[in-house]
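Report on the following structure.
A short reminder: the numbers here are calculations on the coordinates, not readings from a lab. Remember, predicted model here, so these are calculated numbers, not experimental data. For neighbour counting, all protein chains shown are included, and Cβ atoms are generated from backbone atoms with ideal geometry for every residue, glycine included.
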Amino acid sequence: MNRPAPDPAPVSVLFVCLGNICRSPLAEGVFRHRVEQAELTAFFRIDSAGTGGWHVGDPPDPRSSATAASRGVSLDGQRARRVDPEDFGRFDWIVAMDRANLRDLERLRGRIAGAAAELVLLRDFDPEPGDGEVPDPYYGGPDGFDRVFDLVDRSTAALLAHLDPTR
Ligand code: 4NP
């Protein structure tokens with residue numbers, strides 16, 4: 001019997017930083033932009049969250065939004081939320097910005113049974129991984145946001161190539 005192959009299930013990706021207002025909104029926005037440009041929207045579910053709860057409900061930091069806009073990426077509509085242990089059952093990939101985020105996420109993962117998500121650092125995918133972290137730009141100047149954008153831009157390109165279910 002000849003049946004069409006089922007469509008691949010969407011790949012779900014959650015980007016995580018500390019506050020969910022600077023780095024992970026940029027990662028979410030840039031990755032979503034890349035997915036849209038590649039006409040792969042139906043194949044992905046994309047979100048971001050923070051390990052801390054101080055900014056829950058807030059839009060991205062204006063410096064992240066301005067940096068993204070200057071590179072043609074919109075962060076409109078994003079609102080900060082806190083990562084939840086249940087996210088480990090809801091997402092295929094949880095992508096941390098730095099090692100402190102990774103440690104906090106490992107602790108959360110320990111709280112639920114059947115945590116299926118792959119937990120990685122975004123810069124595991126960076127062709128120039130450096131120290132492996134996307135540094136927190138919150139207390140620095142505008143240069144920090146440009147640097148974060150560059151790291152996120154090339155790392156998400158490689159992440160998309162790795163996850164593209166149509167390849
Ligand atoms: P993010 O940056 O983790 O990239 O969103 C931060 C945002 C807020 C704070 C720290 C880092 N904060 O301490 O409020």
Self-check item: FRET efficiency estimate (nearest 0.05) - Cβ-Cβ, ARG99 to GLU36, R0 41 angstrom
Solution: 0.85
Exercise. Calculate the dipole size of the stretch 11-163 relative to its Cα centre from +1 charges on Lys and Arg beta carbons and -1 charges on Asp and Glu beta carbons; express the result in debye to the nearest 20.
Key: 320 debye
Quiz item: Label-point separation (nm) for ARG79 and ASP124, each offset 7 Å from Cα along Cα-to-Cβ?
Solution: 3.1 nm
Practice problem: Go through ALA161, ALA80, PRO10 and say which Cα lies farthest out towards the positive end of the charge dipole of the chain; charges sit on Cβ, +1 for Lys and Arg, -1 for Asp and Glu. | Solution: PRO10
Self-check item: Computed [θ] at 222 nm, deg cm²/dmol, the chain (DSSP H ≥ 4; -39,500 (n - 2.57); rounded to nearest 500)
Solution: -11500 deg cm²/dmol
Exercise. Quickly work out the GLU86-to-ARG154 label distance, labels modelled 7 Å from Cα along the C-beta direction, and quote it in nm with one decimal.
Key: 3.9 nm
Exercise. Can you tell me the 0 to 90 degree angle between the C-alpha axis of helix 142-163 and the longest principal axis of the chain, rounded to 10?
Key: 10 degrees
Quiz item: Taking the simple approach of a point 7 Å from Cα along Cα-to-Cβ for both THR166 and TRP54, what is their distance in nm?
Solution: 4.1 nm
Practice problem: May I ask you to derive the relative contact order of the stretch 11-163, considering only C-alpha pairs under 8 Å and at least 6 residues apart, and to give it as an integer percent? | Solution: 28 percent
Quiz item: What Kirkwood hydrodynamic radius do you get for the stretch 8-146 when you take the inverse of the mean 1/r over all pairs of distinct Cα atoms, in Å?
Solution: 15.2 Å
Quiz item: How fast does the stretch 76-148 diffuse by Stokes-Einstein, in µm²/s, taking the Kirkwood radius from C-alpha pairs at 37 °C and 0.692 mPa s?
Solution: 238 µm²/s
